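**Student:** Here it is, the structure, as structure tokens.
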Amino acid sequence: IQNSDDILYALGIKKRDAETTVTTAGNTARNVNKRSFVSCTLEEKIVLEILAAPLQKDELLRRLQAEQMIDIRDANILISTMELGGFIEEKAGMMFAKKITSV
């Protein structure tokens, strides 16, 4: 491993200039512009709305499961994908916060 790009490549996320190819839970690839709310899927927009204020990961997972009927496995994949894509970030104490604005 030379840098973070090597890790992203190993995880199936390949950088392309201003775009990133992301493999989602459904094993379908799509291109997203980093930090662009417009390019978010409906599920990603829901996560960003839930993260109006930082939440602990357990609370975020619980709300995704209870309010949006997203199972824990898919919710974990969604959170990880969004973190690697630069949409959200993990802070101290397993608190997640959004890194982009929804406007």
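The values are calculated or read from the model by the stated rules, or taken from the named source; none is laboratory data. Just so we're clear, the structure is a prediction, and the values are computed from it rather than from any experiment. All Cβ positions, even for glycine, are placed from backbone atoms using ideal geometry, and neighbour counts span all protein chains on display. These accessible areas exclude ligands, DNA and RNA; they are computed on the full protein's heavy atoms, side chains included. Shrake-Rupley method; radii C 1.70, N 1.55, O 1.52, S 1.80 Å.
**Student:** Before we move on, is ALA25 part of a loop (DSSP other than H, G, I, E, B) and modelled with pLDDT of 80 or more?
**Tutor:** The answer is no for ALA25.
**Student:** Looking at segment 78-103, which of its residues are more than 14 Å from PRO54 (Cα to Cα) and buried (at least 16 other Cβ atoms within 10 Å of the Cβ)?
**Tutor:** LEU78, THR81, MET82, LEU84, GLY85
**Student:** Answer with yes or no whether GLU44 is under 19 Å from ILE13 (Cβ atoms) and either open to solvent by 70 Å² or more (accessible area, probe 1.4 Å) or touching a residue at least 40 places away in the same chain (Cβ under 8 Å) (or both).
**Tutor:** yes
**Student:** Restricted to segment 54-77, and to residues that are touching a strand residue (DSSP E or B) at 6+ places or on another chain (Cβ under 8 Å) and not in a helix (DSSP H, G or I), which residue is most open to solvent (accessible area, probe 1.4 Å)?
**Tutor:** Checked segment 54-77; the qualifying residue most open to solvent (accessible area, probe 1.4 Å) is GLN56.
**Student:** Return the residues of segment 38-49 that are of a type outside the set (Asp, Glu) and under 12 Å from ILE79 (Cα atoms); say none if nothing qualifies.
**Tutor:** LYS45, ILE46, VAL47, LEU48
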